[in-house]
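The next block holds one structure in the form of structure tokens; read it before the comments.
The values are calculated or read from the model by the stated rules, or taken from the named source; none is laboratory data. Predicted model, so just to flag it, every value in this text is computed and none were measured. Counting neighbours? That spans all protein chains shown, and the Cβs are built from the backbone with ideal geometry, glycine included. For the accessible areas, the whole protein counts, side chains as well, though only heavy atoms, and no ligand, DNA or RNA atoms are used. Shrake-Rupley method; radii C 1.70, N 1.55, O 1.52, S 1.80 Å.
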Amino acid sequence: MLLRDLLDLPDQVRKGDFVLNLAAGVTAHATETVRDYVVTPQLVKCFDEALGLIKSALESNKSKAAYLHGSFGSGKSHFMAILLLMLERNIEARSIPELSGVVARHNTWTEGRKFLLVPYHMLGAKDMESAILGGYVTHVRKHHPTAPTPAVYRSEALLTDARRLRGQFGDVMFFDKLNEGAGSGSGDGWGNISEKWDAQSFEAAAATPDTTQHRRLVGDLVDRFFTNVRENAEGFIDLDKGLSVISQHAKALGYHGLILFLDELILWLASHAADIDFLNREGTKLPKLVEAQHADRPAPIISFVARQRDLRELVGDHIAGSLQLGFSDILRYWEGRFTTIKLEDRNLPAIAAKRVLKAKDDAARATMDAEFTKTEKIRAAVMKILLTQSGKRDDFRKLYPFTPALVETLVALSSLLQRERTALKIMLQLLVEQKDRLKLGELVPVGDLFDAIAEGDEAFNDVMKAHFENARKLWSQRLRPLLEREHNLTHEEVETLPYDDQRLTPFRNDARLVKTLLLAALAPEVESLKLMTASRLSALNHGTIKSPIDGQETSIVLNKVRKWAGQVGQLRISDDIGDPTIQVQLSDVDTEAILEKAAAVDNHGERARKIKELLFAQMKIADQGELWVTQPFTWRGTKRMCEVLFTNVRETMDETLRNEGAEAWKVIVDYPFDTPGNTPAHDVARLRKFRDANPAQRTIVWVPSFFGLQAQRDLSAYVRLEHILTGDRFGQFVTHLSAQDQAAAKTQLENQRRQLQARLILHLEAAYGIHPAEPGSLDTAHELDNADQFQSLDPTLDLRPPVSANLREAFVKLIEQAMTLQFPAHPDFEEGTNLGNATLKRVLAEIENAARMEDGRIGIEQPMRGPMKQIAEALKIGLMGGTHFQLGQHWKT
């Protein structure tokens, strides 16, 4: 069953969905606004706090201000809209059942009081004066069109222009125009203004700033002659004085309090985070909403300021340390003067359940409830990650098919983008986009957020814009092509094939993992994304990675990421054992171009040399720089040695293979690749030909399968990286980069080399028959059987493929088989047994003493008990009467 059959989903998501613009007018859309609002117990408390703040301001006759603090999608604008409607005594808003207690509690002091409620949308404003004072003028003209314009404009320039017009028109025409409407009564609380302007009163008012007459003159000049000034940001008086003016203006209109709803003010400041001059200039004005030098505010001003994040978090990385400290002082000054009303993210599940995840009917709701009970049974470790530290199972049920972890991620990422990308809108967008394929029982993977987040809208500041752009580029230029190659798909096929095409499913699932890592790089402090590991990556995309054995998803994911990290240096995996952390470094440095500069060193000889280094390191063979390496080892407690050669068997001369009658065995290890046209079958044929023409030789030949295409690519990149990063060469390859980019490039390349080395070891273990191969590791067209991989040139030695955990262990087990053939009766001494002549003589003397006893028994002193146990037991000596003891046949000391 598809979720579209259960949920009430629209056909499309529009740009303005879930975005409420206060300044556009709330009262006209009151019914819709109230209908869509969800009131939780926590929000009831917030409304009580907000109304209490207004009451306090009225009783003390002092201005007050509060931050409405909450993430994108927490409903700050909607909260202010409902509060505005409640103060306007809107019946629908005051009838919301959950708010009945709040309404009743505050009804006594709100009754009979009038509030001038002025909503603002600050984004795009030039400065605080033009936004707040100019916004007030616009609001008053709309709701009180006959009231005089408040004198919030700079008078000096206006009076100069007025005198110029007076000279042009003459006093009669000038004062007739200026006195239009005088004496008619405004009906807006200003009474019957009978005083008309003449030359004497004009000059008297012009000469006395900060008087009522002066302000009335300026307002009349604006209304009659200079209406364009209302749109001129340069024409406003300073904010402190202007707030006093609009307070007096509101009082004259009959209002008891002036309430400013400053939506997006902090977001507006944050959008200028890189401009410290702007922040210092405009930021210092914010406290004036509360504290004023011009304290003449007969109608207290109560300001509600929407805030997404503490501004210090948004600007901290963009300004220098000393400037940051200074600006932090300003911010602390604000904090002490503003109340904080917090709209918590825990409201989101209830809001989303009503506004996004509405079931079509009760039957649909029951069906989803039943399915969620199955989802609750997933492994505890996965459930813990999906719930997050603060989430509850009831929240999960309200958000289903989303998870608390996805919503937490979405909230954090939305705060970095333009306001149009609210959490609720993106959730609905994901449902609408997937409505024809999202099935009941499936969870929306976190990886699906990337496309919805990273495409379309821009981030607020230049730094975040760069991060998002780098994430997009890394996906489109490196990671997506990598996955397309891996799954044998073209970009056109990915874009055009039907969603249910079986070739797309594994690509899409891997893409979700990669996109989740990109999201973690964009918002690394989010709990769900912090310290990302393979287990967390799998859990956040639960259901994406399938494993035949429950709980093995982590191993599958880690192997995938290791493979990708070997090809993309921005992917970094820690050295932790088990479940290492995984990171993406967002950088626009083109490391591919650096690797391309080292193409000349990528040849057959260098590949063979690097493989030998890796192989010998894994086998713990010390390469002395000679053709033949003498390798000491201990077998059954005795020190031995063999000779090891890494060479191409197909080209090997007979003399190299010969080792007839020698005590030390030879071990020849072949390359896992050859020149074009040659395969492992040619190496096997070469050995068969030699064996047919020569007697038994104490020589073991280890013939690997050849590397596949992916392993060859990994080896190619590793050879180049080794060359670039060895010695002082790095600087030669990055002369075109800045110092900062050089450091980033080196980090990426070193990380890529480390991951490639780990990948090549896996390829080697597959090629040499130790572990099963991953796709791309081996050339499956010419793969060898195990019997052909482990060959002895002594027909009496039937080499068995070693069951081993690593290459070192496999090497040891091969040589042990040869030694067992050569010395079948060799005693099995413990590791570290002292086989020196002195010790052997003392053990022999004790045995001889025992042999002389009638019952063949003697007591052994404490110092000799250890040597007797290690040596006598290993020799399996039996003393029966007068029989003698003998050493194993063919064993020599």
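From V803, V812, grab the single residue that is more than 23 Å from Q567 (Cβ to Cβ), open to solvent by 50 Å² or more (accessible area, probe 1.4 Å) and among the β-branched types (V, I, T).
On the way: V812 fails: open to solvent by 50 Å² or more (accessible area, probe 1.4 Å).
After applying the criteria, what remains is V803.
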Checked segment 566-609 for anything under 30 Å from G551 (Cα atoms), surrounded by 15 or more Cβ atoms within 10 Å (Cβ to Cβ) and among the small types (G, A, S); matches are G566, G569
Just wondering, is there one or more residues in segment 60-82 that are β-branched (V, I, T), farther than 18 Å from F338 by Cβ and open to solvent by 10 Å² or more (accessible area, probe 1.4 Å)? no
As an exercise: evaluate H736 against (1) modelled with pLDDT under 90; (2) within 18 Å of L586 (Cα to Cα); (3) open to solvent by 40 Å² or more (accessible area, probe 1.4 Å) and give the number of the one condition it does not meet. (2)
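Pull up segment 625-643, narrow it to residues that are in contact (Cβ under 8 Å) with a residue 60 or more places away in the chain and among the aromatic types (F, W, Y), then point me to the one that is least open to solvent (accessible area, probe 1.4 Å).
First, pick out the residues of segment 625-643 that are in contact (Cβ under 8 Å) with a residue 60 or more places away in the chain: 633-638, 640, 642.
From the residues that got through so far, the ones that are among the aromatic types (F, W, Y) too are 633, 635.
On the way: F633: 30, W635: 9 Å².
Here the residue is W635.
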Identify all residues within segment 668-700 that are in contact with an Asp or Glu (Cβ under 7 Å, 6 or more places away or on another chain), open to solvent by less than 30 Å² (accessible area, probe 1.4 Å), of a type outside the set (D, E) and closer than 23 Å to L807 by Cα; write none if there are none. V684
In segment 325-361, which residue that is open to solvent by 10 Å² or more (accessible area, probe 1.4 Å) and part of a loop (DSSP other than H, G, I, E, B) is modelled with the lowest pLDDT? G336
Close pairs (6 angstrom Cβ cut-off, 6 or more residues apart or separate chains): small (G, A, S) in segment 124-146, open to solvent by 80 Å² or more (accessible area, probe 1.4 Å) anywhere: none
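So if I check each of A299, A292, which one is outside any helix (DSSP H, G or I), on the phi < 0 side of the Ramachandran plot, in contact (Cβ under 8 Å) with a residue 24 or more places away in the chain and touching an Asp or Glu at 6+ places or on another chain (Cβ under 6 Å)? Even if it seems obvious, please write down each step before you answer.
On the way: A299 fails: touching an Asp or Glu at 6+ places or on another chain (Cβ under 6 Å).
Of the residues listed, the single one that is outside any helix (DSSP H, G or I), on the phi < 0 side of the Ramachandran plot, in contact (Cβ under 8 Å) with a residue 24 or more places away in the chain and touching an Asp or Glu at 6+ places or on another chain (Cβ under 6 Å) is A292.
Looking at A270, A320, A274, can you tell me which residue is over 19 Å from G242 (Cβ atoms), within 26 Å of the chain's Cα centre (by Cα), modelled with pLDDT of 65 or more and surrounded by fewer than 16 Cβ atoms within 10 Å (Cβ to Cβ)? It would help to see each step written out before you state the result.
On the way: A270 fails: surrounded by fewer than 16 Cβ atoms within 10 Å (Cβ to Cβ); A320 fails: modelled with pLDDT of 65 or more.
None of the others qualify; the one that does is A274.
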If you go through segment 717-763 one residue at a time, how many are closer than 15 Å to K597 by Cβ and among the aromatic types (F, W, Y)? 2
Considering residues of segment 836-857 that are touching a helix residue (DSSP H, G or I) at 6+ places or on another chain (Cβ under 8 Å) and either open to solvent by less than 50 Å² (accessible area, probe 1.4 Å) or not in a loop (DSSP other than H, G, I, E, B) (or both) only, the residue farthest from E816 (Cα to Cα): G856
Boolean, V719 is open to solvent by less than 10 Å² (accessible area, probe 1.4 Å) and in a helix (DSSP H, G or I): yes
Inspect segment 776-785 for any residue being buried (at least 18 other Cβ atoms within 10 Å of the Cβ), out of contact with any Pro (no Cβ under 9 Å at 6 or more places or on another chain), at pLDDT below 95 and assigned to a loop (DSSP other than H, G, I, E, B) and give the result as yes or no. yes
Identify, please: which residue in segment 664-701 is among the aliphatic types (A, V, I, L, M) and in a loop (DSSP other than H, G, I, E, B) and is, among those, nearest to D788 (Cα to Cα)? A696
Set A598, A608, A593, A622: member being aliphatic (A, V, I, L, M) and under 30 Å from M532 (Cα atoms): A593
Within segment 147-162, tally of residues that are touching a residue at least 60 places away in the same chain (Cβ under 8 Å) and open to solvent by 80 Å² or more (accessible area, probe 1.4 Å): 1
Elements of type helices (runs of 4 or more DSSP H) in segment 70-113, at least 2 residues being within 30 Å of E408 (Cβ to Cβ) and among the hydrophobic types (A, V, I, L, M, F, W, C): 76-87
Do we find a residue being under 22 Å from A452 (Cβ atoms), in contact with a Leu (Cβ under 8 Å, 6 or more places away or on another chain), at pLDDT below 90 and of a type in the set (K, R) anywhere in segment 59-77? yes
Within segment 24-47, residues within 26 Å of R141 (Cα to Cα), at pLDDT below 85 and surrounded by fewer than 17 Cβ atoms within 10 Å (Cβ to Cβ) come out as A24, G25, T27, A28, H29
Hits in segment 189-220 (condition: in a loop (DSSP other than H, G, I, E, B) and either at pLDDT 85 or above or open to solvent by less than 20 Å² (accessible area, probe 1.4 Å) (or both)): K196, W197, D198
Anything in segment 739-775 that is open to solvent by less than 10 Å² (accessible area, probe 1.4 Å), among the charged types (D, E, K, R) and either more than 25 Å from P672 (Cβ to Cβ) or free of Cβ contacts under 8 Å to residues at least 60 places away in the same chain (or both)? List them, or say none. none
